[in-house]
1. Work out the FRET efficiency for Asn32 and Thr115 from their Cβ-Cβ distance, taking R0 = 30 Å, and round it to the nearest 0.05.
2. How far apart, in nm, are the 7 Å Cα→Cβ label points at Val56 and His155?
Amino acid sequence: MEFDFARHVLRLCKKSKRDNFLNDLRYTRSLNKVVEWCRSKGVTVQFHTASCGQYVPEDKTIFITQRARPKYQLHVLLHECGHLLIDKHDKNDRFKRGYKGDADRHVNRTVTHRTDVVLEEAEAWERGWKLACRLNVLNDDDRLAYDRTRTLNLHTYFSWAVRVEGYTRKY
């Protein structure tokens, strides 16, 4: 008879720890499914020590923090996949106006630029949710948690967009 490590751990843990373990296991499986989807699109996913996620289209790489729990990692990975979908399907769309101007100091301080970046971020979260449903890695019961992660992350962009220091009112 083979030793079942997961079952052994479950017996030793208290209920809340057991529930956390099972949830982490579920989200880890979902993470693997999304990583495989990325691989099928020619995109590499790398887990790193920074505290955020990032899609680098030039390198076809998505970076995800390894310091977070699997549920948060999954939410952020789906969001970064949303950027991949925007990049793939909307080459000349309105979403390309935001990040295209990041390097230009005279552009990146304008209301238009900052608004375009916030709109792209919000759209990436929405496309990430649609991808999660299509891949069956999240369901309606997960929507509230996903929306909380989205809100927490979008809040940083809203704060950046209205920051006054170095801000110009050019449209």
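Coordinate-derived values only; no laboratory data. All values derive from a computational prediction rather than experimental measurement. Every residue, glycine as well, gets a Cβ built from its backbone with ideal geometry; the counts of neighbours run over all protein chains shown.
1. On the way: r = 36 Å, r/R0 = 1.20.
Computed FRET efficiency for Asn32 and Thr115 comes out at 0.25.
2. According to this spin-label approximation, the distance is 2.9 nm.
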